[in-house]
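Undergrad: Okay, here's the structure, questions in a sec.
The values are calculated or read from the model by the stated rules, or taken from the named source; none is laboratory data. Note that the coordinates shown come from a computational prediction; the quantities given were computed from them, not determined experimentally. Every residue, glycine as well, gets a Cβ built from its backbone with ideal geometry; the counts of neighbours run over all protein chains shown. What goes into the accessible areas is simple: the full protein's heavy atoms, side chains included, and nothing from ligands, DNA or RNA. Shrake-Rupley method; radii C 1.70, N 1.55, O 1.52, S 1.80 Å.
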Amino acid sequence: MSAITRDEVAHLARLSRLALHEDELDRLAAQLDEIISAVAKVQEVAKGDIPPTSHALPLTNVYRTDEARPGLTPDQALAGAPAVEDQRFRVPQILGEEE
């Protein structure tokens with residue numbers, strides 16, 4: 001397998017709209033080459049007789065039962081608000097009327 005070149009990294013950076021300095025191109029080329037080599041090693045180990053898995057151990061999701069619980073009353077919810085108007089939180093206006 002050939003190593004990834006700094007020109008390929010520069011091309012990927014342009015496609016990703018990333019501005020990279022010259023020293024970053026060299027450093028990233030080496031790092032990406034290591035990543036590609038690691039993936040290639042994993043592919044060598046994964047043989048056809050081994051079924052694909054997402055986890056080494058089987059997982060079971062544990063959910064709690066969905067039970068309705070009492071919530072806050074409007075007065076309780078607004079009790080700590082710095083400003084209240086018509087049973088709502090009053091906040092400063094950020095948009096003008098015309099917007």
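Undergrad: With every protein chain left in place, what is the accessible area per residue of the chain in square angstrom, probe 1.4 Å?
TA: Result: 97 Å² of accessible area for each residue.
Undergrad: Rounded to a whole number, what % of the accessible area of region 27-96 do carbon and sulfur atoms account for, probe 1.4 Å? Before the final figure, lay out the partial values.
TA: Numbers: 4030 of 6920 Å².
On region 27-96, the fraction of accessible area on carbon and sulfur atoms equals 58 percent.
Undergrad: Scan around Val84 for amide H atoms under 5 Å from its own, H built in the peptide plane at 1.01 Å from N, and keep only partners 5 or more places away or cross-chain.
TA: Arg90
Undergrad: Could you rank the peptides 11-24, 50-63 by their average count of other C-beta atoms within 10 Å per residue, with the highest value first?
TA: 11-24, 50-63
Undergrad: Packing-wise, with mean Cβ within 10 Å as the measure, how do 79-87, 65-73 rank, highest first?
TA: Values: 79-87: 9.2, 65-73: 5.9.
Descending packing order for the listed peptides: 79-87, 65-73.
Undergrad: Rounded if a/c is under 1.5, else prolate if a/b beats b/c, else oblate: with a ≥ b ≥ c from the C-alpha gyration tensor eigenvalues square-rooted, which is the chain?
TA: Here the chain falls in the oblate category.
Undergrad: How much mean residue ellipticity at 222 nm does the chain get from its helices, if each DSSP H run of length 4 or more adds -39500 (n - 2.57) and you divide by all residues, to the nearest 500 deg cm²/dmol?
TA: Mean residue ellipticity, 222 nm, calculated: -12500 deg cm²/dmol.
Undergrad: Quick query: amide H of Ile4 versus all other amide H atoms, modeled in the peptide plane; which residues come in under 5 Å with a sequence gap of 5 or more or a different chain?
TA: Result for Ile4 returns Asp33.
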